[in-house]
Structures are given as structure tokens and as C-alpha cells.
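Quick note: the coordinates plus some simple rules give every number you see, no bench work behind them. Bear in mind the structure is a predicted one, so any value in this text is a computation, not a measurement. Cβ atoms come from the backbone with ideal geometry, glycine included; neighbour counts cover every protein chain shown.
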């Protein structure tokens, strides 16, 4: 196109009054093919049944391009449908205001205005419309205008692969893929008379990452989630009631800030072992385990009373005379879930006789899908990768470390887990000293919330952190919507770019 100064670009809804100008622009765009334009009654019908779906773009008042679309119930569309099936003559009977997919039926830019990225503007409008209407995505049949040159050499599938690998240039397919559309199938006989494509079409799809399935219930899943981390001070307690009074104080504190989660550290109840310090360590830890069921029941009631989901950190638990390191998710609706420490430290095994756990899974909550890894488990990337494959949004890591060296291992690995799994990671630990409890003498911690490192997140991947070695709470908001954007539009895509054709992480024992 010959360069000239542009004063105004405007996107507006198509009207019947635009018909003559639209007809002329369509003939220019499609090479003057006879009858290759919409009739006036078509435009009248389209603009009456779905005005938002019909838009034109103007350059200094002149119509330069157009995009037309319908809403369809995609489950009712045959996989091998044709273009004629979609539009059904001049009635557009497949348009369904209650449908779930935006179906593109036409888009073009006049030849003299090509090269200005106007097509991208039209597609961006469609995407915004799709998000505003809460539709699953956009679908349309994409032509393959250069296929006629290669049809004797390659099948349509092979042709698409060649285009994908940049061995063949196809202006339509290249444009669609650069706008985040992906092919889902090839349809034969899609558009009658499309000899350039040999009447083949590639059904292209764009997924709306913000789509939420309509819910008739009063409850809904939050997108901005508030985390309340408790950096717990180890101190002597006069029994279980005294300890639970401190637990309730912290639950009350974080719930007062309308937090969605209260997160306790690993072995936060260790001060209760002081009563058994005269025993050998394996006996003392089993005595501590006798409190676990009562503590969980009390925390379960606190989660209901204070309307907050509680991650109980971890506690020793004896099952069939085997000692485990476990924790519980107490949902605010009263339901309960259990998680186990998969990798026990050499010290836990040697001093206490603690055994490795075998349960690993994600948990659905009203504030996203979460996972929990206890301390040492966060240093094994395979576990969090399995949870990420299940759709985890937030990984909680209750921990207990005695030295700054041990803490650094947990912290640095937690930051890595946030980047590689494109999720939030919240770590909560204990501080202070327990001189009257063997094997639990000193604690070092700095609790924190970590994020991926991309433009929508802090550049250093740290959302918030506490003062080291000081009893306090940390309240921080995380936006799950930013994770959805990252998965599809991040500067790098750690989850999508994994070479599953080359390596994978699998579960040996489910």
C-alpha cells in the first residue's frame, strides 16, 4: 500500500446503512468474484440477531475491513460441518444467544489497507467480546490459499505441518497462529468453490482462558485470593488448651483481614513435647502424635467459625503403629483433607523413626486449586510438577528449619517451583528456641509468598515476605487470573514448552 498519513482509525458496529460500502469493499477484498458479498437482507438479519458480533473498521471514515460472527452451541455442531451448515442460508438459524462459542463467519481487510495490522485489531475485538460474554472460545474454518500449489506433494495434514515449521508460507494460517489460534481438525468440502484450498479448511480455535462454567449455586471460586501466613514463635505452653488459644488468636487475626487461607508451619505443636523431654526422642514424638486428632478437630471448627480455609502445617501421626508427618486442609465449609510428607529428612528418620508418606494430590477449594508439600518435599521438583499437571494454582509449603542453610534450601527451591510450574508458592515457618525439647532446639525462618517472574509479577518473584526470625503474620493477595494469562501469553511458557516427546514425570504408585 502507498504510505499516507492516517488521522483516525475507528472500530464500530456494522449497520444496514453500511451495505453499499460493505459490498464494494468485499468485492475488492475477494478479487471481484461475482456474488462474493453479503446481501442486504443478510446484513439486516445479522445486525438484528447479534449486533455486537458484526463490526467494521474505518480509516479516516472509509470502510477498510469487516468481521462477522455468530454464537453457536458447539455441542450441536457436527465435527465435519461445512460453511453452509453454519450460516444456513440467509436465516443464520445456528445463532444461539445461549451458546458457548463465538463462530467467525467472515473477516477481511481491503487490499489498499493491508499491512496496517487491522486484522489483528478485529481479532482482538473478537477476543474481548468472547471474554465479556463468557464464551469458551472462538472457532472458524480457515482457508489454505496456497495449498493448490502443493496438493500433489502433500496431504492437508502434511501441508499444515510444513506451514507450522515455516517451510511453506501460508498467509492465512500464519496470521491465525500468530494470533494464538491453533488447528483442531481438517474439514473436507468446507467451502464450495474454494479451489485454492481444494475446498479443504482448517478448523481453528482460540481458547478463552477466563471462561468460567456457569454456576447456578450461590458460591463462586475467587480469582483474587488473600493468603494469611503465620510465622509461629516457638515458646513453652501449659498444655494443649494454652497452645490452641494461641492458634485461635492467629486464625482470628488473619481472618479479620478477610484472608482466604491461614497457613501454619511444620511441627508448630512441638512445644507440647517439653512434657515428655525425659523420654527418648522416638517415644516423645509419639506422645506428641497423641494430640494430633484433637488439634485437627479444633482447627476444623475454627475454619468454620472464622470462615477461613486452614492449612494446619504438619504434625506427627501414628497410623497402624507407623509414624508419619502429616497435615490437614480444613475447608471453611467443614470438609477435611489429609496430606503426607513424602520425603522425610535423614534426621526425622534417624532420631524419630518417621516413615515416608505416599499420598500426593491437589485439593479443590473456593479459592483455587491448591497443593501442599511439607518442607523437604519442596526440594524435589517432580512432586510439584505432578501437582502442576493437575492444575495447581497455589503451592503451600509449611516448613521447619533450624539453620539459615536449611532455610535457604527451602526458600530457593520454593522460588524455583513458582517459576517452573507457573504458580504461586507460599512458605510458612517457625522461629525462636525450645531449650526444653530435644532435637527441636533452634528455629530459623522468613515466611514469604513467591510468584513467577514475568511482566505481570514482581521482577524478583517475591510478592511479600516477613521479617526474619520474628513472630508475625503476613497477609498478601495473589491474582489467579494472572496465572491464566501467563500460561498462554507469558514471555516464556514453562508448562507448555516442556518436551513431553523427550521426557516426562510419571507416578509409579498412585
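When N is the residue count of segment 224-482, what does its C-alpha Rg come to as a fraction of 2.2 N^0.38 Å? It would help to have the intermediate numbers written out before the result.
Working: Rg = 16.8 Å, N = 259, 2.2 N^0.38 = 18.2 Å.
Rg over 2.2 N^0.38 Å, computed on Cα atoms: 0.92.
Could you tell me whether the chain comes out rounded, prolate or oblate from its Cα gyration tensor? Rule is a ≥ b ≥ c as square roots of the eigenvalues, rounded for a/c under 1.5, then prolate if a/b exceeds b/c, otherwise oblate.
Prolate, since a/c reaches 1.5 and a/b exceeds b/c.
Taking segment 253-296, how much of its Cα-Cα pair set, in percent, is spaced more than 15 angstrom apart?
Roughly 53 percent, rounded to a whole number.
Starting from 0 in steps of 10 Å, tell me what percent of the Cα-Cα pairs of segment 18-90 lands in each bin.
Calculated over all Cα pairs of segment 18-90, the distribution is 16, 45, 31, 7, 0 percent.
Any chance you could give the angle, 0 to 90 degrees and rounded to 10, that helix 118-132 forms with the longest Cα principal axis of the chain?
Value to nearest ten degrees: 50.
If you wrap a convex hull around the C-alpha atoms of segment 9-207 and split its volume per residue, what is the figure in Å³?
Convex hull volume per residue, Cα atoms: 116 Å³.
Sorted by packing (mean other beta-carbon atoms within 10 Å per residue), highest first, where do 152-164, 425-437 land?
Working: 152-164: 15.5, 425-437: 23.0.
Ranked by mean Cβ neighbours within 10 Å, highest first: 425-437, 152-164.
Report, in degrees rounded to the nearest 10, the 0 to 90 angle that the Cα long axis of helix 480-489 makes with the longest principal axis of the chain.
With both axes taken from Cα atoms, the answer is about 50 degrees.
Restricting to the chain, compute how many DSSP beta bridges are antiparallel as a %, nearest 5.
Details: 61 of 83 bridges.
Bridges in the chain that DSSP calls antiparallel: roughly 75 percent.
Can you divide the C-alpha Rg of segment 319-396 by 2.2 N^0.38 Å and report the result to two decimal places?
1.16
Does segment 203-311 come out rounded, prolate or oblate by the C-alpha gyration tensor, with a ≥ b ≥ c the root eigenvalues, rounded set by a/c under 1.5 and, if not, prolate when a/b is larger than b/c and oblate if not?
Values: a/c = 3.09, a/b = 2.36, b/c = 1.31.
Since a/c reaches 1.5 and a/b is larger than b/c, the shape of segment 203-311 is classed as prolate.
Could you list 354, 234 in order of exposure, starting from the residue whose Cβ has the fewest other Cβ atoms within 10 Å?
Lowest count first: 354, 234.
Determine one quarter of the surface area of the Cα convex hull of segment 359-446, which equals its mean projected area, and express it in nm² to one decimal.
For segment 359-446, the mean projected area of the Cα convex hull comes to 6.2 nm².
Please label the shape of segment 43-154 as rounded, prolate or oblate, based on the square roots a ≥ b ≥ c of the eigenvalues of the alpha-carbon gyration tensor (a/c under 1.5 means rounded; beyond that, a/b larger than b/c means prolate, else oblate).
Oblate, since a/c reaches 1.5 and b/c is not below a/b.
Over the chain, what is the relative contact order in whole percent, taking alpha-carbon pairs under 8 Å and six or more residues apart? Before the final figure, lay out each step's value.
Working: 1016 pairs, mean separation 53.8, N = 510.
After rounding, I find 11 percent.
In segment 388-510, what % of DSSP beta bridges are antiparallel (nearest 5)?
Here the antiparallel bridges make up roughly 60 percent for segment 388-510.
With the calculation restricted to Cα positions, what are the radius of gyration and Dmax of segment 110-225 in angstrom?
17.5, 58
Report, in degrees rounded to the nearest 10, the 0 to 90 angle that the Cα long axis of helix 19-29 makes with the longest principal axis of the chain.
It is inclined by approximately 90 degrees.
May I ask you to derive the relative contact order of segment 389-510, considering only C-alpha pairs under 8 Å and at least 6 residues apart, and to give it as an integer percent?
Once divided by the residue count of segment 389-510, the mean separation gives 22 percent.
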